[in-house]
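Only one structure is covered here, and it is reproduced in the block below.
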Amino acid sequence: MAGGSEESIGALFSRLRTEGMSYARAELRLVRARVAGRAALLRTAAILLAAAALLAIGALIALLVGLIATLATLIGPGWATLAVVGATLLIAGLLGAIGAGALRKALSAEAVP
């Protein structure tokens, strides 16, 4: 060794291992911080979407009740309720059938590129 200031191979590998572990820990902390930040954003988005969905369902219920009240003056409350519930179930059935078809198509082997 020239001058005695050079490290041995073992010491170099030991330092490389120590610095590599420090780097890996720092990267892991960075990834955890990013994931935590994303999780907070996703939680906020989910809460807002759930609130919007609840308000939309409430508005739909109010609309259906109003439609029943309006039709009740023309065909009576029983028939108005039956007509509105029947039409609503028909629309729900059609949307469900379309959704089930789309889900079957998405899950089929042909859908995978």
With N set to the number of residues, divide the alpha-carbon radius of gyration of the chain by 2.2 N^0.38 Å and report two decimals. 2.41
Lys and Arg at +1, Asp and Glu at -1: add these up for the other residues within a Cβ distance under 14 Å of residue 98 and post the number. +2
Calculated diffusion of the range 33-83, Stokes-Einstein form, Kirkwood radius summed over Cα pairs, 37 °C and 0.692 mPa s, µm²/s: 243
Counting only protein heavy atoms and using a 1.4 Å probe, what share of the accessible area of the range 1-94 belongs to carbon plus sulfur, as a whole percent? 75
State, in angstrom, two size descriptors of the range 2-41 derived from its alpha carbons: Rg to one decimal place and Dmax to the nearest whole number. 17.3, 58
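The values are calculated or read from the model by the stated rules, or taken from the named source; none is laboratory data. It should be emphasised that the depicted structure is a prediction, and the values quoted were computed from it without experimental measurement. Heads up, the Cβs are rebuilt from the backbone with ideal geometry, glycines too, and the neighbour counts pull from every protein chain shown. Each accessible area value is taken on the protein alone, full model and side chains, heavy atoms only, with ligands, DNA and RNA left out. Shrake-Rupley method; radii C 1.70, N 1.55, O 1.52, S 1.80 Å.
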